Amino acid sequence: MYNATADLILPTTIIGSLPRPTWFTENIGSDTFLRSMMNSRYREQYTDAVAVHLRNQEVAGLDICTDGDAHYDEEVGGQSWTSYPLFHMDGFDKKNPQPTVMRTGGVGFPMGHILHDYLEARIMPQVIGPIGRGDLQYTAMWKTAQRMTKKPVKFGTITPDILSAAVDDRYYKDPIERLMALSNAINEELMELAEAGCPVIQLEEPSIHMIPIRGKVFGKLDMGDMAEVFDNTTRGLRDKTEIWCHTCWGSPSQQRMFKEVQSYEPALEFYNQIDADVVTFESCSSGMRDIPAIGKIVTEKKIAIGMIDHHSLQIERPEEIANNIRETLKHIPAERLILCSDCGMGREGMSPRHARYKMTSLVQGTNIVKRELGLPEAPCLAADGRYSLVPTE
């Protein structure tokens, strides 16, 4: 169901996370979101941070906003993206977390590499009982943001396959049982979120496109199997809200996870089939190499193409973005194209100022192309010269 993008041509957005303000020092930890919001200091810092994130997106001129993933704690490499659900769902030993390894095909970084810190910071609770949705409280988080803006707020969450690969398990005999339990629990949580009116729900990073590189999930599940897991996680949701599937190649501490630039091409047929309205692709950081294949194969959905690189502090020029949009339009029609960031910009390595101007440049570049196509431009207060503090001649 197209809610947020139904009547928009070339809308702009970001994937989700934004850099945490330096003054936001409170954390949720293993407490619940609503319990944390009882704390006056946390409530003030959290709501102020969300308000800043939303206002920066509005001033840049984005069409669809996010809450900046403000509920994630300040953890090494953005680890809270993974740890938050595990510390708030049922079935986990939250009082005795342990170091864990990534069960995703031999991902490893030696001492001396920045991402070794990321691996050492993977202190996760073990599975000790039946997995349930617990107190994720996504609906309360979305409401906190949506009541601050008239623009649609997109809410994203990690996929069950990444969670399943991140934990040790003392309860389920088969890792696939664990995976499906997580999928069912997340579906239940997202159903409540959709019924509350959330206009866009985003599932982040199904492992479908990683399988050609890392091998089958748990040595058993191929790309078709993982597409079915995604569909189980989103079952019933598309009747109530707009569903996005975010794909990328990883960004802990804004770092690349692979030595070589990878291609989506082997997995595209499966992304064309999954039960989602929009699929996002990391593209700017790979030189837009997969755009022709994406346009040829993913024909049943809207497509969000990354036009700004989340790894780099260099701000993309509007003219550069406009040129990439023009090239993309040769393969994907404007009616099905969304412009976004490659991935989240809040995984530890970027400042709020860099993210703000990347968003501004995205809208400016999109406006160049909209002007050429005779489409209405998005207001971009951040680039309005009338309000510059620099004297003009």
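What residue, of Asp48, Asp69, Asp63, Asp73, is surrounded by fewer than 24 Cβ atoms within 10 Å (Cβ to Cβ) and closer than 24 Å to Pro252 by Cα?
Asp73
Could you list all residues from segment 114-129 that are within 12 Å of Ser83 (Cβ to Cβ) and of a type in the set (A, V, I, L, M, F, W, C)?
Passing the criteria: Ala121, Ile123, Met124.
For Ser17, which of the numbered conditions (1) within 30 Å of Val278 (Cβ to Cβ); (2) among the hydroxyl-bearing types (Ser, Thr, Tyr); (3) in contact with a strand residue (DSSP E or B) (Cβ under 6 Å, 6 or more places away or on another chain) fails to hold?
Evaluating Ser17 over (1) within 30 Å of Val278 (Cβ to Cβ); (2) among the hydroxyl-bearing types (Ser, Thr, Tyr); (3) in contact with a strand residue (DSSP E or B) (Cβ under 6 Å, 6 or more places away or on another chain) leaves (3) as the failure.
Just to be sure before I move on: is Arg235 at pLDDT below 95 and farther than 30 Å from His53 by Cα in the structure I sent?
no
Can you confirm whether segment 84-104 contains a residue that is within 29 Å of Gln364 (Cα to Cα) and either part of a helix (DSSP H, G or I) or not small (Gly, Ala, Ser) (or both)? Step through it out loud before you land on a result.
Going through segment 84-104, the residues within 29 Å of Gln364 (Cα to Cα) turn out to be none.
Within segment 84-104 (the criterion being within 29 Å of Gln364 (Cα to Cα) and either part of a helix (DSSP H, G or I) or not small (Gly, Ala, Ser) (or both)), the answer is no, since none of the residues qualifies.
Please name all residue pairs, on different chains or six or more residues apart, with Cβ atoms under 8 Å, provided the first residue is in segment 19-37 and is aliphatic (A, V, I, L, M) and the second residue is surrounded by fewer than 15 Cβ atoms within 10 Å (Cβ to Cβ) and not in a loop (DSSP other than H, G, I, E, B).
Met37/Arg43
Would you confirm, using the coordinates I've provided, whether Ser30 is small (Gly, Ala, Ser) and within 21 Å of Met307 (Cα to Cα)?
no
If you go through segment 19-50, how many residues are of a type in the set (A, V, I, L, M, F, W, C), touching a Phe, Trp or Tyr at 6+ places or on another chain (Cβ under 8 Å) and assigned to a helix (DSSP H, G or I)? Show your work before the answer.
Start the filter on segment 19-50 by keeping residues that are of a type in the set (A, V, I, L, M, F, W, C), which leaves 23-24, 28, 33-34, 37-38, 49-50.
Within this subset, residues satisfying the condition of being touching a Phe, Trp or Tyr at 6+ places or on another chain (Cβ under 8 Å) are 24, 28, 37, 49.
If we keep only those that are assigned to a helix (DSSP H, G or I) too, we end up with 49.
Residues in segment 19-50 being of a type in the set (A, V, I, L, M, F, W, C), touching a Phe, Trp or Tyr at 6+ places or on another chain (Cβ under 8 Å) and assigned to a helix (DSSP H, G or I): 1 in total.
Here are some residues: Glu327, Glu300, Glu316, Glu377. Which one is out of contact with any Phe, Trp or Tyr (no Cβ under 9 Å at 6 or more places or on another chain), part of a helix (DSSP H, G or I) and among the acidic types (Asp, Glu)?
Sole residue among the options that is out of contact with any Phe, Trp or Tyr (no Cβ under 9 Å at 6 or more places or on another chain), part of a helix (DSSP H, G or I) and among the acidic types (Asp, Glu): Glu327.
Considering only segment 156-179, how many residues are closer than 24 Å to Ile201 by Cβ, of a type outside the set (A, V, I, L, M) and in a loop (DSSP other than H, G, I, E, B)?
1
Just one of the numbered conditions (1) touching a residue at least 60 places away in the same chain (Cβ under 8 Å); (2) of a type outside the set (D, E, K, R); (3) surrounded by fewer than 19 Cβ atoms within 10 Å (Cβ to Cβ) is not true of Val101; which one?
Every listed condition holds for Val101 apart from (1).
Scan segment 191-210 and report the pairs whose first residue is over 24 Å from Arg147 (Cα atoms) and at pLDDT 95 or above and whose second residue is among the basic types (Lys, Arg) and surrounded by 22 or more Cβ atoms within 10 Å (Cβ to Cβ), with Cβ atoms within less than 7 Å and a gap of 6+ or a chain change.
Nothing qualifies.
Restricting attention to segment 133-147, which residues are crowded, with 18+ Cβ neighbours inside 10 Å, in a loop (DSSP other than H, G, I, E, B) and not polar (S, T, N, Q)?
Matches in segment 133-147: Arg133, Gly134, Leu136.
Quick check: is even one residue across segment 106-129 under 27 Å from Phe230 (Cβ atoms), at pLDDT 95 or above and out of contact with any Lys or Arg (no Cβ under 8 Å at 6 or more places or on another chain)?
Checked against the condition, which is being under 27 Å from Phe230 (Cβ atoms), at pLDDT 95 or above and out of contact with any Lys or Arg (no Cβ under 8 Å at 6 or more places or on another chain), segment 106-129 yields at least one hit.
For segment 306-331, how many residues meet the condition of being at pLDDT below 95 and in contact with a strand residue (DSSP E or B) (Cβ under 8 Å, 6 or more places away or on another chain)?
Number of matching residues: 1.
All but one of (1) surrounded by fewer than 19 Cβ atoms within 10 Å (Cβ to Cβ); (2) touching a Gly at 6+ places or on another chain (Cβ under 7 Å); (3) among the acidic types (Asp, Glu) hold for Glu372; state the number of the condition that does not hold.
Against the list (1) surrounded by fewer than 19 Cβ atoms within 10 Å (Cβ to Cβ); (2) touching a Gly at 6+ places or on another chain (Cβ under 7 Å); (3) among the acidic types (Asp, Glu), Glu372 comes up short only on (2).
The values are calculated or read from the model by the stated rules, or taken from the named source; none is laboratory data. In this text the structure is predicted, and so the values were computed from the model without any measurement. When we count neighbours, we look across all protein chains shown, and the Cβ atoms used for this are built from the backbone with ideal geometry, even at glycine.
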